[in-house]
Structure formats: C-alpha cells, structure tokens
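S.K.: This is the structure I want to talk about, given as structure tokens.
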Amino acid sequence: MAARHGTLTHTADLGLWVEADSLPELMAAAVEALSRLMTAGPRQGEIAWLPVDLEGRDYAELLVELLNEVVYRLDGEGLISVALEVAELSPVRLAGRLGVIPRGPGHEAGEPVKAVTYHQASVTPLGAGWRARVIMDV
Amino acid sequence: MPISIDVLQQVDAYRWRLPRHGEMLTEGLVLADADLLAHLAKDGTLDQLYGVACLPGIVGPALAMPDAHQGYGFPIGGVAAFDPVEGVVSPGGVGYDINCGVRLLRSKLAAADLTGQPLTRLIDALAAGVPAGVGEGGPQRLGDPDLRRVMELGAAWAVGRGWGSPADLEFCEAGGALQGADPDAVSQRAMQRGRDQAGSLGAGNHFLELGEVVQVYDAQAAQAFGLTEGQLVVWIHSGSRGLGHQVCDDYLRILGRDPQAIHPRDRQLVATRPASENGRAYLGAMAAAANFAFNNRQMLTMRLRDITGQSLGLGPAALGLGLVYDVAHNVAKLETHQVQGRPRPVWVHRKGATRALGPGHPELPDRYRAVGQPVLVPGDMGRASYVLKGTALAEEQTFASSAHGAGRAMSRTQAKKLGQGRRLEQELLAQHILVRAKSRATLAEEMPEAYKDVATVVGVMHGAGLATLVARTRPLAVIKG
C-alpha cells in the first residue's frame, strides 16, 4: 500500500498517524507528513542532504527523535525536510540522510509544531505493514 | 484502565481527593466544581496526576488546578513539590515552553477614549510591529555573547539597554530572572532556535490583548495594583519560544538515556535527583530558558510602549504603561513552604500554573505586600480575564499556586472543525472585539468555545479561598500569533 497519514485529536495539541508497508517507509512517510503539516508550498529545488544518526530504546523513540530533527531544522535553520533515505534501521538506531530545501517566500507556515513528544508515541505492526502515532506540542 | 472521576472523594464544594492507591506515594488533590470535573472525565488528567504522585520524594499532595487538562507527563495545571534530596526534578513537570508566562500592564488611558478609529489604528500598528506567528523572528538577531547574557540576566538584559525601567523588574516574579542559570548547559541547537526569537510573541495560544477593566471586586487590592474600572490595560502572554522547547527536548533525551535517572512508565515523566550531574545541568538550562522568556516579555513590552505612544501621539508619562505583574507558568523553583507546620525547602513544579503568594510574603514588592501577589488569569479572546490575589491559604494548601488560565475544553482539531465556514473575526467584531491573527487556523483553534469559561475556573479558586477576585477585564482588541 502507499503510505498514508492523518491527524489525531489531543486536548491541547495535535497528533499524527502514519501507515506504511515497511519501517523505513514509515519513517520517511512520517517525515513528509510532519513537514507538510508544518509548511505548505512547493518542494522543488536543490536538495541538500544532512546526515542523521539517531539512537533510541525502540522504534517509537527513534521516530520521536527523527521528527524532532525535522522540527529543529525548520525552526532553527529554516530548512524544510523533504525526504529521508534510511541506510540502517534497528530498534535502537536509525542512520541515513535527511533531504532539506530552504524555506522560501512561496512557503506558507502551517501548524506551529514546537516539539514532538514521547507521550503515547507508538510504532506497531499493522497487518503486513506498520502504523505509527505521535503527539506534537503546538 | 483510565482512572475514572468516580474514584474522587469530595472534600468540599471545590476540593476532591484522589485517594492514594497503587504505586502512589501521596494522594492527589483536584480543585474543581462539578462542571470542571465533567471536563476531567474526558481526558487523561487523573492518570497523569496519578503518575506525578508516584514520583519519589514528593511532598504533600499532587495537585490539579481548576484549569487542569491532559498534557505530557504532568497534566497542564499540575503542581507538585519535591524534597531537594530524596525528590526529583522533571523536565516533564515544567513543560516545553519553559516560563511561558503572562504580564499585565496598567495604563493612564480610559478604554472609552480609545474606541473606534484610534483603537483600530492602534491594534493594526501593533499587529504590524509586534513580531508574531510561526517561526517569526524578533527585532534583532542575537550573537552568542548577547544570547548568553540574556539567559543570565533575564529581563534585566533589556532594561540595561534602556528597554524598560528598574521598576519593571520589581514587578516580575523573581525580579525577572531565575537564579542559577547556566548558559553552558544550553545546547547549541537551543541557542540557534532562540537567537532570532527574542522579542517575539510566537504562535499557538500566545497573544497580546488590549482590555478594559470592567469590574473591581476588591477595591483595596485593585488600588494597590493600580487598577480602576474603565481603565485600558494590556495582557501579554508569551514564553521562551524555540529555545525553551529545545531545552526540554534535549533533557528529556539526556535523562532518558541516564541509568541513574528515574524512569516511570510514561517517558515524559523521566526525572532525576536535583543534585545529580544531569539534574544540576537541567536546572541551569531551565533557568536560562526561563530568563530568555522574562526578557522576551520585557522586549515585547517596550515594543508595545513605543508603538502605542506613536499611534496615539502620547509620551510615556501620559501613557503610564506600568507593569502590574509578570508571572511564570512553567517552571520549577526551589522555594520554602510550610509543610506540617515547619518551613521546608522544596522544588515546586508548576506546569500551567501560577505562583500565588499571600499577604506579607517577603518576595512581594512593597506596594503589594499588604494585599498579596497579583494572580493573573487570562481567559479566551471573547469573554474575560481576571486579576486575583494570592492568599495565606494557598501557601498552606497548594504551595502558593493557582490556576493560570481557562484551560482548553476541546482539541485544536475539534475547534478547527467547529470554525469551518464561520467568520470568527466578524463574530468577535459583533461583540466589539477586534482580532488580528496571523492565520485563520490559529483563530479557529483559539476561538472562545475552545476554552472553558474562565469565570468558572476563577470561581473555584475564589470559592476555595486560594486566590480571591480583584478585577475582571474584557477584551477590546487581540493579536494572536
């Protein structure tokens, strides 16, 4: 199946769910979903690739770490994450590279996500694929 | 199995005990009336209060203020105190937006003199001149030396540059700077997120509101606070922007990997001993972020003063935009409280809660010492906001803490659905409230119906005798980030 995503409700904040066939696809789809949530507009332009090498105690923690990387790149450096290439993925490590483009005048700010939390974060099998959910502080 | 409100035991009209059970080390105390309890039934507030009550070294009950709702780790509106040796500090007990807080300014202007075009011109000028919205930077980018000084000095950094007066510092909680700030404990990423955000409002529930004092309940306290009916006042709600969020995120990660830390089932509740290496580092970084926030609100205040003066053609003396008070919502502070009749130092975590010192407290400015601390409780942009005063009872029962706002009644997603097809700006205009929002989505998320009625929240605080009513303001014009 093609990766899918949507939003979840949370009292004060916002949740995100993502489904994909494989864990690497799930991580990449989550990056794209969060990025689209935070910034609307074109994804064209030369992509710069930034290394990512994250550690965690399980896939859910790795996902939170990865998505906080997306938040930091946008809020701290004005870079929109547009792609993720996964080179290594285990329950305790995610290594690869994050593709980013600079935020420009054609981009419109979306949800003011300031952090992705561990609260109710999960990565679970779903049939032959995987489903993830995270709650974001906005 | 989520904890049901049915397990709560009623103490009186406004107090409910969450009895100690399971792994709880102390009981919980929920401040609410029947209406507010119904809101609690809808989310995980009580489960989170249970988690707080299980943390080691907790002193007294785990508290939920009347505006409490589900957060991460601690509930929003959660208060807990911990022993400095046996207890903990928890980034999840402070929250992401460290020292998100509110300040109230009085003026020498009558709201009635500002209706119509002058008010429209002023709010438009403020909307154009006060940086607000997602990722919006402040008036200047700070290099490392200045940013470090901001984190050390707090609001005094801005005042030292002529952006305010020493009197502004006198009327800030902790003088506008927490002690023990350690910029070296703040990551480069946090500094990078904060360096161009000083002096900016931010997004989400942050706002600048021009209001009118419409009712005074306590003439003596109102006089001490410089508030009179018909007066124009200004509320500013903002925090430590991306810098504070990154500090929280950094230390959740650091503590999450620290085998010496305390690891509850809820990862957002990870905690450590205050005196541990990582505990000291977190407290230093948290204080640094808190000081960034104090300075942020001070810089916003000067922008407000400048723009208001220009727009109305009045000098500072005629405007009289003096600070009533500035309080932090999300901090952990080492304070001394009476516990079982004896003074005891404790790390008080207030997450979405306000300090509320009673009369006579030595930390209060001379002007307020006889009446107690101003307790600032902003509501939503369509109804009202309240000024209360702290009481001796709050010092006895809640570690001198109070509610901090209305508290959300519905999720942002629900609010946006409710706002679809509606012209919220026009609806508020029909109530004589001007709104300038950076995005329509923010406007919908922050619509009045998305919040509980703040009158109910302050009614509980007043009825319980923990903070008593001084004055009510109504919104005239609001800027949302």
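S.K.: Pull up segment B:400-414, narrow it to residues that are in a loop (DSSP other than H, G, I, E, B) and buried (at least 24 other Cβ atoms within 10 Å of the Cβ), then point me to the one that is nearest to the other protein chains (Cβ to nearest Cβ).
M.R.: Filtering segment B:400-414 down to residues in a loop (DSSP other than H, G, I, E, B) leaves B:400, B:404-407, B:409-411.
This time we only want the ones that are buried (at least 24 other Cβ atoms within 10 Å of the Cβ), so: B:400, B:404-407.
Working: B:Ala400: 25, B:His404: 13, B:Gly405: 11, B:Ala406: 12, B:Gly407: 9 Å.
Top of the filtered list is B:Gly407.
S.K.: Continuing with the same structure: Are any residues in segment A:67-79 more than 8 Å from every other protein chain (Cβ to nearest Cβ), assigned to a helix (DSSP H, G or I) and in contact with a helix residue (DSSP H, G or I) (Cβ under 6 Å, 6 or more places away or on another chain), and if so, which ones?
M.R.: A:Leu67, A:Val70
S.K.: Taking the options A:Ala109, A:Ala115, A:Ala60, name whichever one is within 14 Å of another protein chain (Cβ to nearest Cβ) and under 17 Å from A:Trp130 (Cα atoms). Before you say what the answer is, go through the steps one by one.
M.R.: On the way: A:Ala109 fails: under 17 Å from A:Trp130 (Cα atoms); A:Ala115 fails: under 17 Å from A:Trp130 (Cα atoms).
Testing whether each residue is within 14 Å of another protein chain (Cβ to nearest Cβ) and under 17 Å from A:Trp130 (Cα atoms) leaves just A:Ala60.
S.K.: Could I ask something else about it? (1) touching a residue at least 40 places away in the same chain (Cβ under 8 Å); (2) part of a strand (DSSP E or B); (3) not charged (D, E, K, R): which one isn't true of B:Leu55, the others all being true?
M.R.: For B:Leu55, the exception is condition (2).
S.K.: Moving to a separate point now. Test of understanding: among A:Val113, A:Val82, which residue is part of a loop (DSSP other than H, G, I, E, B) and closer than 30 Å to B:Gly138 by Cα? Break it down stepwise before answering.
M.R.: Working: A:Val82 fails: part of a loop (DSSP other than H, G, I, E, B).
That would be A:Val113, the only listed residue that is part of a loop (DSSP other than H, G, I, E, B) and closer than 30 Å to B:Gly138 by Cα.
S.K.: I would also like to ask the following. Restricting to segment B:336-371, what's the tally of residues that are crowded, with 18+ Cβ neighbours inside 10 Å and under 29 Å from B:Val85 (Cβ atoms)?
M.R.: 15
S.K.: Out of (1) within 14 Å of chain A (Cβ to nearest Cβ); (2) in contact with a helix residue (DSSP H, G or I) (Cβ under 9 Å, 6 or more places away or on another chain), the odd one out for B:Glu229 is which?
M.R.: With respect to (1) within 14 Å of chain A (Cβ to nearest Cβ); (2) in contact with a helix residue (DSSP H, G or I) (Cβ under 9 Å, 6 or more places away or on another chain), B:Glu229 is out only on (1).
S.K.: Still on this model: Can you tell me which residue among B:Gly87, B:Gly133 is within 14 Å of chain A (Cβ to nearest Cβ), touching a residue at least 60 places away in the same chain (Cβ under 8 Å), surrounded by fewer than 24 Cβ atoms within 10 Å (Cβ to Cβ) and farther than 25 Å from B:Leu36 by Cα?
M.R.: B:Gly133
S.K.: Here is a further query. Can you pull out every residue in segment B:217-253 that is in a helix (DSSP H, G or I), aliphatic (A, V, I, L, M) and surrounded by 20 or more Cβ atoms within 10 Å (Cβ to Cβ)?
M.R.: Of segment B:217-253, the ones in a helix (DSSP H, G or I) are B:219-225, B:241-253.
So of that shortlist, the ones also aliphatic (A, V, I, L, M) come out as B:219, B:221-222, B:224, B:243, B:247, B:252.
Across segment B:217-253, the qualifying residues are B:Ala221, B:Ala222, B:Ala224, B:Leu243, B:Val247, B:Leu252.
S.K.: On to the next question. For residues that are out of contact with any Gly (no Cβ under 6 Å at 6 or more places or on another chain) and at the interface with another protein chain (Cβ under 9 Å from one of its Cβ atoms), scanning just segment A:121-138, find the one that is surrounded by the fewest Cβ atoms within 10 Å (Cβ to Cβ).
M.R.: Checked segment A:121-138; the qualifying residue surrounded by the fewest Cβ atoms within 10 Å (Cβ to Cβ) is A:Ala121.
S.K.: Does segment A:14-39 hold any residues that are over 11 Å from the mean Cα position of the chain (by Cα) and under 24 Å from B:Met410 (Cβ atoms), and which are they?
M.R.: A:Leu14, A:Gly15 - these are the residues of segment A:14-39 that are over 11 Å from the mean Cα position of the chain (by Cα) and under 24 Å from B:Met410 (Cβ atoms).
S.K.: Can I ask one more? Can B:Gly116 be described as more than 14 Å from chain A (Cβ to nearest Cβ), more than 26 Å from B:Gln188 (Cα to Cα), surrounded by fewer than 22 Cβ atoms within 10 Å (Cβ to Cβ) and touching a residue at least 60 places away in the same chain (Cβ under 8 Å)?
M.R.: Values: more than 14 Å from chain A (Cβ to nearest Cβ): yes; more than 26 Å from B:Gln188 (Cα to Cα): yes; surrounded by fewer than 22 Cβ atoms within 10 Å (Cβ to Cβ): yes; touching a residue at least 60 places away in the same chain (Cβ under 8 Å): no.
For B:Gly116, the condition - more than 14 Å from chain A (Cβ to nearest Cβ), more than 26 Å from B:Gln188 (Cα to Cα), surrounded by fewer than 22 Cβ atoms within 10 Å (Cβ to Cβ) and touching a residue at least 60 places away in the same chain (Cβ under 8 Å) - is not met.
S.K.: I'd like to verify a number: residues in segment B:158-184 that are under 13 Å from B:Ala290 (Cα atoms) and hydrophobic (A, V, I, L, M, F, W, C), how many? Please lay out each step first, then the result.
M.R.: Within segment B:158-184, the first condition is being under 13 Å from B:Ala290 (Cα atoms), and the residues that meet it are B:172-183.
Those left that are additionally hydrophobic (A, V, I, L, M, F, W, C): B:172, B:174, B:177-178, B:181.
Count: 5.
S.K.: Can we say B:His263 is surrounded by fewer than 20 Cβ atoms within 10 Å (Cβ to Cβ), within 11 Å of chain A (Cβ to nearest Cβ) and modelled with pLDDT of 95 or more? First the steps, then the outcome.
M.R.: Values: surrounded by fewer than 20 Cβ atoms within 10 Å (Cβ to Cβ): yes; within 11 Å of chain A (Cβ to nearest Cβ): yes; modelled with pLDDT of 95 or more: yes.
For B:His263, the condition - surrounded by fewer than 20 Cβ atoms within 10 Å (Cβ to Cβ), within 11 Å of chain A (Cβ to nearest Cβ) and modelled with pLDDT of 95 or more - is met.
S.K.: In addition: Of the numbered conditions (1) within 14 Å of chain A (Cβ to nearest Cβ); (2) within 19 Å of B:Gly372 (Cα to Cα), B:Ala219 satisfies every one except a single condition; which is it?
M.R.: With respect to (1) within 14 Å of chain A (Cβ to nearest Cβ); (2) within 19 Å of B:Gly372 (Cα to Cα), B:Ala219 is out only on (1).
S.K.: Here's another thing I want to ask about it. Enumerate the pairs (first residue in segment B:423-449 and modelled with pLDDT of 90 or more; second residue anywhere and surrounded by fewer than 21 Cβ atoms within 10 Å (Cβ to Cβ) and β-branched (Val, Ile, Thr)) with beta-carbon separation below 9 Å, excluding pairs fewer than 6 apart on the same chain, so at least 6 apart or on different chains.
M.R.: Going by the 9 Å Cβ cut-off, the qualifying pairs are B:His432/B:Thr115; B:Leu434/B:Thr120.
S.K.: Let me ask something additional. Inspect segment A:14-28 for any residue being small (Gly, Ala, Ser) and within 11 Å of another protein chain (Cβ to nearest Cβ) and give the result as yes or no. Walk me through how you get there before you give the answer.
M.R.: Here is the first cut: in segment A:14-28, the residues small (Gly, Ala, Ser) are A:15, A:20, A:22, A:28.
Filter again for within 11 Å of another protein chain (Cβ to nearest Cβ), leaving A:15.
Within segment A:14-28 (the criterion being small (Gly, Ala, Ser) and within 11 Å of another protein chain (Cβ to nearest Cβ)), the answer is yes, since at least one residue qualifies.
The values are calculated or read from the model by the stated rules, or taken from the named source; none is laboratory data. Worth saying up front: this structure is predicted, and the values here are computed from it rather than measured. Here Cβ is always computed from backbone atoms with ideal geometry, including for glycine, and neighbour counts include all displayed protein chains.
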